[in-house]
Every structure is written in C-alpha cells, then in structure tokens.
Amino acid sequence: MSIEFNAPARTWTLSGGGTSYVLHRDEENRLLHLYWGRRLPSDALRWDPADYFSFASLDLPVNILPHELPVCGSGWYGTPAVGIRTAGGDEVTDLRVVSATVDAGKPPLPGLPATYTETDEEAQTLSVLLRDSVTGLEVTALYTVFEASGAIARSLRLKNTGSSALTVTSLLSASVPLWRSDLDAVHLHGAWARERSIIRVPVVPGDLRIASARGASGHEENPFLALCEHRADEHSGCVWGASFVYSGSFQALCHVDNFGHARLSVGMNPEVFSWLLEPGETLASPEAVLVFSDAGFNGMSQQYHALYRDRLARGSWRDRSRPVLINNWEGTYFDFDEQRLLAIAEKASGIGVELFVLDDGWFGRRNSDNCSLGDWKVNLEKLPGGLTGLSAKIHDMGLRFGLWFEPEMVSPDSDLYRAHPDWCLHVDGRPRTEARQQLILDLSRPEVQDYIISAVSAVLSSSGVDYVKWDMNRNMTEAWSVSLPPERKKETQHRYMLGLYHVLETVTSAFPDLLFESCSGGGGRFDPGILHYMPQTWTSDDTDAVERLKLQYGTSLVYPASSMGAHVSAVPNHQTGRSTSLKMRSDVALSGNFGFELDLAKFSAEELAEAKEMVSRVKELRDLTRTGTFWRLLSPFEGRYTAWSFVSQDRKQVLLCAYQVLSVPNTAPLRVCLRGLLPDAWYEAKDGRRYLGAALMQQGITVSLRGDFSSSVMLLKAR
Ligand code: DGJ
C-alpha cells in the first residue's frame, strides 16, 4: 500500500520507492507535516506522531507548528500557502481538516499540465478537504505518491463556498518544513545563452527566494529549488527537491525560522498573481513535484528524469526515437530562398539526416525580425511553390519537414496587428513596450486563443508539416489585460498561461502525429509545464560545444536527456567565437536530441563523410541516450573535465561520454568511475577489451583525452 492511515495516531503515511511523507491531523483538526525523507519501516505506522519530532509532543505554539498548509492571521507569520483577502478587507484564514479520502491512481488537473498514471497501480492519491468556517473557503490538498519512485505530486483546489467574494493573494503548491537548517540550497540560474548553471549556497536564517515575474519561467531562474545536506554530492547524502510544473511566473522559497527550521516552498509569484473567487467559483494551483533522495543529486535527478520522460511528457513521440534533424537558423538566418534550403536538405539527406526544419522567416514579409509575426501566410517570393511545394520536395528527398512558428507574438508591422491592435497585452493610455520589435498577444482572451489555434492549424493541415518548433522570444510587459475588470487585472498572467495550455492542448491533440519542440529564445521556457505538451525543448541558443557541457549538465539536474535539443553548429561558434572539432561538437550533441544547425552545403567532402559517420553512430546510440539512466560523473563547473554516462535499463550497456576543455601537460590520464553497472558482468569495448563491472565502478576506466576541446565516447556492452 502506498498510503496508509493510522486512525489512532491520525496520520497518513505516503510511501513509494525509498521515500516516506507523513501528515497528521491534530486534535484541533489542523493539518500538520511530520516527515519527508528516507522510507520509514512499516511498523512506523503505529508510532505516536510525537515520536517523529525532536520535540517531546505536538503541544507547540501555532507559530512553530509544522503546518502542512500554512495560512496567515491566526498565529503563523510566514508566507502563507493559501492567502485570502475577504470582502471585508482582512486577510485572516484558519483552515481545519473536514475529511480525507484515498484513491487509486491520479486524477487529472483540468486545464493545467501535470504528471499522470497509465494504470491505477502506479500511484495512490490522498485528498484532504480543509475548510475556513468564517469565509467558507474550501481547500482540497491533493497528494499523489508514485509507487516506483516515491515522487509526490501536490496541488491545491480552492472553492469559495461562502456568500461573499474572496481574493486569493498567495498560492503555494508545496510548502514543506524540514525540521533542520544545516543545509545547502541548490537552484538553476542563468541568462540568455547561459541558462541553468548550478548554484549552491548554504541556507541561512531568513529567506532565500528565486523567482520569475516575466510571464515565463525564464532564462534567469528555473522553477526548481532543492535543499541538501552539506555533505551531499552527486552520489551520496540527502536531497529534497521541489519542481513546479508551470511555465509562467513563479517563486521558490527557503525560509529558515528562528528555531532553525527550514521550509521549502514553490508556487505562484504574488507580485504578478492574485485571483478573485466569487461564491461558487473554483481555482486549481499548478502541480509541484517533490522528490527525496538519499543517494545525492544523481538519485534525485534520476527520479525526475523517469517521471518527466514517461509520466509528464505525452503523445505519440514520447516513446519514439527522435529524428536526427537539420535546422537552417544558424545556417542562413533570414537569408534564404527555396533553392538554398533545398541545397542544404539534399546534403542532409545524403548523410542520413531525417528531418529538415525551416526556421524563422518563411512568412509575411519577414526578412529580419522587425515585422510579420502573426501573419502566418507563406512568403511566395522566397518559396514560390509555397510550403506545400517545399515540403513535397523535402519529402521526396526522404526527409520529414518541420516548421518554426512564434504563435504567441505579434509584430506592430503586421496585418494581424493592423486588424486587431487591441489583441496584444497593453494598458490603455501607456506606450506598448516592444522587445525584439514585437508585442505579446493577450492569450487570456478566448478570441485570441481561437485565432492562434485556427492560424496554426490551417498551416499544419495544408502544408505537409511533420514537426513544429514553437518559439517565444520575449517577456511580458503591461500584462494587465484590457479585457478584464479592475478587480481581476492581476489574473492576467495566470489566465495567459491557462490560455496557452488550452491552445497547446487543442493543437497537439488535433495533430497527434506531429513532433513538437518548444523554444523560447533558446532555453527561456525550459520547464516541466511545457514538457507536458512538447516532449523536447531547444536547450539554449548557445550552441558552442564547451558552453553546452555546462548547459546540458545543469539542465540534467531536473530534466531528462530526451527533453534537450542539442545541435552541431558551425565554427567559429556564432555565440562565443570558439572553434572546436566536429568530433567534439558531435560528441556533446549526441547526449540530447541530435541535430545540425549550419549550412551543410558549405561542408567539404571530408566533413560530410565525417558527419555521415556521426549520424549513423547517433542512430545506433539514440535509444540508449533517450531511455537510459543518466549519471553525472564529473562536473564542468568544477574543473577541466566533464563526464556523464547513460546506462541501459537492464544495466548491460553503458555509454561513457567524457570531455576535456583545456589540456594540462604532465598529468596522469583521466580515470572515470562508472555507476549503476552489474558488478559481476564483464563489459566489452569496441576494441575487444573487457572490464569487470565492479572494477569499472570502483577503480574506474582510463579515458584518453588529448588536446584542448577533446572528447571520448565509449560504448561498453556486457557479454
Ligand atoms: C530564437 C530561437 O531560440 C532560435 O533558435 C531561432 O528560432 C530564433 N528565435 C528565430 O527567430
């Protein structure tokens, strides 16, 4: 059983994988958090709840009780998980448990992305109903525990059962006290072209807050925060991770109180969110996914990878080998016509590429980024045969055809804007702030959602498109929809996200065979929310092989290799000016969804031959990199070497990828200790050498890396 209720102790114990999470309904019907950590022995269920505590009993003042769903105004002083302003203007709430149920499986989260089950045996869900007797606010707290991993998916459903309007001012999908603060906090920080670097800082009394108010999860922070023991590393020590399944503004917090207790929270960002709940109305929070590991960060990441790859991402491409693609963006930018594209496609087809992706610039009068977003009509000057003609020619070469869109945007210089100047996010009487010379369509409005669905669908159903790159290239300004009344204006950003999710749900369901890849100026919206609709995301606009080591390593803290777009681009690299070998670029890119992002027509015969070999090797390895267990072995943030590996589910194959940035003379060769192998099995390399699994893990394997920007990719198979 995953969820057990101990009636005398009034505790619910949620257990799965190596994790337990314990809740308690106290005698005053408050919902308290007792435990989240290493799986408890089953006889723990008969313990008295006070035994979980460092305190002798639960008779604690309200301000230090371990509230599971903290609220404000009645004795607790932190950030409330549910903050409500009443019609009278006060912000006092007091939630008490009314009832609880346990069900098999996991209910959907309507209108929002969420993890899911395929059979009821995979998970159980606890639903706890709480009520504030004065306002009539009801909150259902949902906890799904996944049997295999112990990951816990949480969300809240609010309902106003009272007779006056309420305003939700704070909404955290998870807010969990940890009973200690001798911890570090780890998050993913960055900027455009430098997304998701791993940041680790000691937790200190007070608040650590990471957030986005941009209307997108953003390049700067990722909706993820973990706490870990000081001693925790990639392979050992306890880690508590919180990931937010949402693509808009968010906050993640670690508050350490004056008793040395850390509280880990993720949820909506109150700077740009509030929600009016009229009597009878409901609101669901996005989902938070909590993962505990006592095997360090790899243990945490492997749980996220399996869950997000297999039970968050959906659709017909979830379990399929991803096509090797070529994208023309860095090859041509806006400077292309049909002939130039076909020349690239022909070379691509000759080396075994499977998908040709036409990026920005195929529509309207778009020859630079200053116009035409919203006018999704092909530019016949560039493509005289239209998209249909081009895709037919591409298909004739044996390639699939993919197309770029930026559907959420409008250029002021576009027919769409001239027809509907009020459809963009703006505030009447203020200038409309442009970024990249574009404005954002107001997706909180149903008519705008309908326009996007029909404009994109019209192209997809008529043009032989097999793949879509869904881009989004700026953050929100003036995000106070003119279509909403004043008391609902602060709902705009969340309504936008709900509108976007509706559009994505509709379009991806209408075209179930298409492969969708999300993008946002590179990795500006690389989050679990978007992954639900599109199984892969363009990791970053930085395609430099050296920078990619950090990008892919950092991204892997939460996201599986199957979600990362990774392309070989030209040298000198367009973002860094660095030149690396084709081998190094390819060896880095094969750890994600492999592609090219350059003008293959400029390749020499030798380069084409080398690229052809790489493509055939990628095809041989891509199912292992997509489905294998990913191990981070040496960090690019800590030295000149990077190493990671993919181990097949039966542990009989391992792909070791190792890289050196700058070489140093007169040093011993690199030895890398592998992980997750069968200790008794003999693994054979391509050159016929055999290694014992235990020795590979304990003593390691020597890797030959010579010269700056060098790489080694080694496949070992158990015989
Ligand atoms: C930003 C993306 O990250 C790039 O790959 C490219 O698609 C451009 N947008 C096109 O405008």
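The values are calculated or read from the model by the stated rules, or taken from the named source; none is laboratory data. Quantities reported herein were computed from a predicted structural model and do not represent experimental measurements. Glycine gets a Cβ as well: all are built from the backbone with ideal geometry, and neighbour counts include every protein chain shown. These area figures cover heavy atoms from the full protein model, side chains too; ligands, DNA and RNA do not enter into them. Shrake-Rupley method; radii C 1.70, N 1.55, O 1.52, S 1.80 Å.
Numbers at a glance
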quantity	calculated
Residue tally, condition open to solvent by 20 Å² or more (accessible area, probe 1.4 Å) and hydrophobic (A, V, I, L, M, F, W, C), over segment 77-97	2
Selection from segment 330-354 of residues that are open to solvent by less than 50 Å² (accessible area, probe 1.4 Å) and within 16 Å of the ligand (Cβ to nearest atom)	GLU330, GLY331, THR332, PHE334, PHE336, LEU341, ILE344
Members of segment 299-329 found to be within 16 Å of the ligand (Cβ to nearest atom) and open to solvent by less than 40 Å² (accessible area, probe 1.4 Å), listed by number	LEU325, ILE326, ASN327, ASN328
Identity of the residue in segment 367-420, open to solvent by 60 Å² or more (accessible area, probe 1.4 Å) and of a type in the set (D, E, K, R), that ends up farthest from the ligand (Cβ to nearest atom)	ASP396
Unique residue being farther than 17 Å from LEU290 by Cα, at pLDDT 95 or above and open to solvent by 10 Å² or more (accessible area, probe 1.4 Å) when the list is HIS261, HIS235, HIS187	HIS235
Residues of segment 293-352 satisfying the condition of being among the hydrophobic types (A, V, I, L, M, F, W, C) and within 28 Å of ALA510 (Cβ to Cβ)	LEU307, LEU312, ALA313, TRP317, VAL324, LEU325, ILE326, TRP329, LEU341, ALA345
Segment 16-37, residues that are open to solvent by 10 Å² or more (accessible area, probe 1.4 Å), at pLDDT 95 or above and touching a Ser or Thr at 6+ places or on another chain (Cβ under 7 Å)	GLY17
Only listed residue being within 16 Å of the ligand (Cβ to nearest atom) and over 30 Å from VAL186 (Cα atoms), chosen from PHE603, PHE596	PHE596
Qualifying positions in segment 456-473 - open to solvent by 20 Å² or more (accessible area, probe 1.4 Å) and either away from the ligand (no atom under 16 Å from the Cβ) or of a type in the set (D, E, K, R) (or both)	SER457, ALA458, SER461, SER462, GLY464, ASP466
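So that you can scan it fast, the table gives a plain yes or no per residue for (1) in contact (Cβ under 8 Å) with a residue 24 or more places away in the chain; (2) of a type in the set (Val, Ile, Thr); (3) open to solvent by 10 Å² or more (accessible area, probe 1.4 Å):
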position: ALA479; (1), (2), (3): yes, no, yes
position: PRO486; (1), (2), (3): no, no, yes
position: LEU498; (1), (2), (3): yes, no, yes
position: LEU515; (1), (2), (3): yes, no, no
position: ILE530; (1), (2), (3): yes, yes, no
position: ASP544; (1), (2), (3): yes, no, no
